[in-house]
Each structure stands twice: as C-alpha cells, then as structure tokens.
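Reviewing the structure listed below.
The values are calculated or read from the model by the stated rules, or taken from the named source; none is laboratory data. Because the structure is predicted, anything quoted here is derived from the model rather than measured. All Cβ positions, glycine included, derive from the backbone under ideal geometry; neighbour counts span all protein chains shown. Surface areas here come from the heavy atoms of the whole protein model, side chains and all, with no ligands, DNA or RNA. Shrake-Rupley method; radii C 1.70, N 1.55, O 1.52, S 1.80 Å.
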Amino acid sequence: DYYASRGLGDVYKRQVKESIEYDQLRTIYRFDELEEIVDLITDVLCSTRATIRIGGEDLPIEAVKDRFWRLEQSHIEYVLDRMKETTTKIRNIRGYLLTALYNAPTTINHHFQAEVQHDLYGKQH
C-alpha cells in the first residue's frame, strides 16, 4: 500500500480506529466490514487529489477530509445498519460508502427522529 509505505496511512488508520471506537464496533460487526470502512476512510484522508466524487458531485477533498475526521462510532453503526437494510442492488459499493459516510454526520439525527416518530405514532391503529 502506497500510504502505508510512507507511514502516513498507518498513522491515520490508527487515528481513525481510535475515533470510531473500533474495538467496541468489533463486538457488533464483522472484521471485514469494519476494515473496508476504515481503509476507505484512510484512503480519503491520505488523498492528495484536489476533489473527490461524492454522490455524483466533485467536492473539494479538504471539505470531505474534514467531515471524515469527525466520524464517530455512531456514524459507522448508522452506515453499516443502513447497508444491511437496503434492498436495492448497490452497483458501486465504494461510491455508496463514500456518500453514506460523508452524509452520516448530517443525516443521522433525522434518521433517529423519524424512527422515534414511527415508534410513537406509526403503529397506531
């Protein structure tokens, strides 16, 4: 791996694992699922490109990096749980995950609010 050979990738990977509470997530999710997410986040954080495609749009890499540095355990749980629930065939898993991870901090609260609303009011007959 290019970044690992420079050492930067290893440093970032350790920081990502710490910030998302990787060891705690390992009690819930499979190793390969988590490693894929951690590697993807690390790739973005190590990128030297000017832009990255998220949700069909080219965004400044620094803005995406800023958001990825703020990812926490709850965001990873949210993304992995949504993936398990989706019934749509995902053709570009990397693109899907990039978009989901980028959007997680801004959509997670709305998701849980909708879940509570459904639990409180959606089951009434």
Worksheet item: Straight-line reach from LYS65: which aspartates and glutamates have a Cα under 16 Å away, not including same-chain ones fewer than 8 places off?
Response: ASP39, ASP43, GLU57
Practice prompt. From largest accessible area down, sort LYS89, LYS13, LYS65, LYS84; use a 1.4 Å probe on the protein chains.
Written response: LYS89, LYS84, LYS13, LYS65
Worksheet item: When only the heavy atoms of the protein chains count and the probe is 1.4 Å, how do ASP39, ASP58 rank by accessible area, highest first?
Response: ASP58, ASP39
Response to the item:
For the range 17-92 the GluC sites (Glu not before Pro) that pass both the DSSP coil test and the at-most-16 other-Cβ-within-10 Å test are GLU21, GLU72
Worksheet, complete the sentence: The extension gain from LEU59 to ASN92, computed as 0.36 nm times the residue separation minus the Cα-Cα distance, is 10.1 nm
Worksheet, complete the sentence: Plugging the Cβ-Cβ distance of MET83 and GLU18 into 1/(1 + (r/R0)^6) at R0 = 25 Å yields, to the nearest 0.05, a FRET efficiency of 0.60
Response to the item:
Sorted by chain and number, the residues with a modelled amide H under 5 Å from that of ILE52, at a separation of 5 or more or across chains, are LEU59, ILE61
Discussion item. Can you tell me the length gained on complete extension of the stretch ASP10 to ASP39, counting 0.36 nm per residue apart and subtracting the Cα distance?
Written reply: 9.4 nm
